[in-house]
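A short worksheet on the structure shown next.
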Amino acid sequence: MAKLLLVFLAFFTINIIAARMNEGRAHREKLDSSDSDQKLSRVHRKYFKFCSNSTVAQMYLKEILSVVDVLQANSSYNSILNLQLTNFIAYLKDTKNQEILSNDCPAFLKGLKEANKADKIVQRQQKNMATLIRKNLEQAARSVTNGKGFYDLDS
């Protein structure tokens, strides 16, 4: 199961890296259109390699959903997925977004990136909350033990 998750994350990372490499080439090109047209054009070029073959895009979605289903069937992995990839998985599983992949692949990938970004924000918030909880527990232990921490009670 862990291997499947690693393959899934590696595949996703490779696609993002490939898209960024395309963006670098696109950035060097001069465009004679308005700013909004330039932004739209950059997005289209960024994901062109992935989206140029609709079969590959559909296979990507099918494989990723298959991996997600396998991981969600295991309660241990499912709990982690629910904590760390909620928006990403919800975006992938939404049939409207799957239709977007068929009709407008760059828009699908942009939405997928936004869902991933939202998950990263939630992860940071969870990490900050865990740090705050840990500090509060340590402070409570110090107040009960006259300034000694929990682990200092044995000395």
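The values are calculated or read from the model by the stated rules, or taken from the named source; none is laboratory data. What you are looking at is a predicted structure, and each value in this text was computed from that prediction instead of being measured. Glycine also receives a Cβ, built like all others from the backbone with ideal geometry; neighbour counts cover every protein chain displayed.
Considering only segment 68-84, how many residues are within 19 Å of GLY111 (Cβ to Cβ) and in contact with a Leu (Cβ under 9 Å, 6 or more places away or on another chain)?
Residues in segment 68-84 being within 19 Å of GLY111 (Cβ to Cβ) and in contact with a Leu (Cβ under 9 Å, 6 or more places away or on another chain): 2 in total.
Being on the phi < 0 side of the Ramachandran plot, surrounded by 15 or more Cβ atoms within 10 Å (Cβ to Cβ), in a helix (DSSP H, G or I) and touching a Gly at 6+ places or on another chain (Cβ under 7 Å): is that true of ASN116 here?
Here the answer is no, as ASN116 does not meet what is asked.
Tell me, which helices (runs of 4 or more DSSP H) lie completely within segment 31-96 with 1 or more residues that are at pLDDT 80 or above and either of a type outside the set (Asp, Glu) or loosely packed, with under 14 Cβ neighbours inside 10 Å (or both)?
Answer list for segment 31-96: 48-51, 54-73, 75-84, 86-93.
List the residue pairs whose Cβ atoms are under 8 Å apart, where the first residue sits in segment 92-105 and is touching a residue at least 12 places away in the same chain (Cβ under 8 Å), the second is exposed (fewer than 15 other Cβ atoms within 10 Å of the Cβ) and in a helix (DSSP H, G or I), and the two are 6 or more positions apart or on different chains.
Pairs that qualify, where the first residue is touching a residue at least 12 places away in the same chain (Cβ under 8 Å) and the partner is exposed (fewer than 15 other Cβ atoms within 10 Å of the Cβ) and in a helix (DSSP H, G or I), are LEU92/LEU65; LYS93/LEU65; LEU101/GLN58; SER102/SER54; SER102/GLN58; CYS105/SER54.
LEU109 - would you say it is hydrophobic (A, V, I, L, M, F, W, C), out of contact with any Ser or Thr (no Cβ under 9 Å at 6 or more places or on another chain) and over 30 Å from MET129 (Cβ atoms)?
Spelling it out, LEU109 is indeed hydrophobic (A, V, I, L, M, F, W, C), out of contact with any Ser or Thr (no Cβ under 9 Å at 6 or more places or on another chain) and over 30 Å from MET129 (Cβ atoms).
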